[in-house]
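Report on one structure; see the data block that follows.
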Amino acid sequence: MTDLKTFGSRLELECQGSLCEIREALEHVAVYLRARRIKREWIEDLNLVLAEALSNIARHGYRDGSGWIKLELDLGETSLDCEITDLGAKFDPSILGRSTPSPTELAEGGYGWFIIRSLTRTLKYLHEDGRNILRFSIPVAVSGEAG
Amino acid sequence: MQFTLGRAGDALVIAVEETRLDAALALTFKDMVRESTTQEGSPVILDLSKVEFLDSSGLGAIVGAMKLLGPERPLEIAGLTSGVRKLFRLTRMDTVFKIHDRAPVIDSMKAAE
């Protein structure tokens, strides 16, 4: 089950990291951002980055199983700061996603970290007390139109 | 997963009737393409106009489907929504697939699940 808390410009969400729950979590985030009139293209970017980061945790961190994932979002004037914490296997994003596979290779994977790196700023990773903590921010703009 | 199969001239059209093609659906998608393409028609045109969200797993499954069909039966893509188009551009997959702006008009249709 997904546990969601929102306090003004802050959202906290905990889930069990199965692919189904990740979908549900992403939907909560999109609803929250739409209600704050964030432009559609930023919501799409964040949705994609979170989908990549969270499905990496489910597939690699928890080896296709599920486990605890906490997602924290802070919505500022010009950026959305995100922190994702999990208890899965340690990883090293510094070596991941520096380039995308060449399109002619027709690789079926290896795009995830490249996508995360391309759409985020200030990507930081820490491993502390058995926890993986991934922090990044995404530039955002509030839509001028109603709805 | 929901999809529709149809013919448009010589082409076999597979229209994905899902709003998300992501990690949760990637394997099912490849199986669906394998089964659907036992039907005749070339090229195979994948209509993604209903798909609002594609992630790297979904993209990998589309690349996998293209490899499965082989060079004799090209896989082409139609009807990219804005987010999906962005992902194709970011990964430069727009240079690999022939991309149609609009989904082709289908001659005959068969809904499947």
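The values are calculated or read from the model by the stated rules, or taken from the named source; none is laboratory data. Since this is a predicted model, take the numbers as computed values, not measurements. Heads up, the Cβs are rebuilt from the backbone with ideal geometry, glycines too, and the neighbour counts pull from every protein chain shown.
Could you count how many residues in segment B:1-20 are part of a strand (DSSP E or B), within 28 Å of residue A:54 (Cβ to Cβ) and over 11 Å from the mean Cα position of the chain (by Cα)?
So the answer is 1.
Given the options B:90, B:68, name the one that is of a type outside the set (Val, Ile, Thr), touching a helix residue (DSSP H, G or I) at 6+ places or on another chain (Cβ under 7 Å) and either touching a residue at least 24 places away in the same chain (Cβ under 8 Å) or buried (at least 21 other Cβ atoms within 10 Å of the Cβ) (or both).
B:68
Could you run through segment A:30-61 and say how many residues are closer than 20 Å to residue B:86 by Cα and of a type in the set (Val, Ile, Thr)?
Number of matching residues: 3.
Considering only segment A:13-27, how many residues are in contact (Cβ under 8 Å) with a residue 24 or more places away in the chain, part of a helix (DSSP H, G or I) and not small (Gly, Ala, Ser)?
Final tally of qualifying residues: 4.
One line per residue, one yes/no per condition, for (1) exposed (fewer than 14 other Cβ atoms within 10 Å of the Cβ); (2) of a type outside the set (S, T, N, Q); (3) modelled with pLDDT under 90:
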position	(1), (2), (3)
A:35	yes, yes, no
A:43	no, yes, no
A:53	no, yes, no
A:67	no, yes, no
A:71	no, yes, no
A:80	no, yes, no
A:102	yes, no, yes
A:107	no, yes, no
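Identify all residues within segment B:31-61 that are crowded, with 19+ Cβ neighbours inside 10 Å, within 12 Å of chain A (Cβ to nearest Cβ) and free of Cβ contacts under 8 Å to residues at least 40 places away in the same chain; write none if there are none.
B:53, B:54, B:55, B:56, B:57, B:58, B:59, B:60
Which condition breaks for residue B:102 when tested against (1) modelled with pLDDT of 95 or more; (2) touching a Gly at 6+ places or on another chain (Cβ under 8 Å)?
Of everything listed in (1) modelled with pLDDT of 95 or more; (2) touching a Gly at 6+ places or on another chain (Cβ under 8 Å), residue B:102 misses just condition (1).
Among the numbered criteria (1) touching a residue at least 60 places away in the same chain (Cβ under 8 Å); (2) surrounded by 14 or more Cβ atoms within 10 Å (Cβ to Cβ), which one does residue A:139 miss?
Result: residue A:139 passes all but (2).
Looking at (1) closer than 19 Å to residue B:84 by Cα; (2) out of contact with any helix residue (DSSP H, G or I) (no Cβ under 8 Å at 6 or more places or on another chain); (3) at the interface with chain B (Cβ under 10 Å from one of its Cβ atoms), can you tell me which one residue A:26 breaks?
(2)
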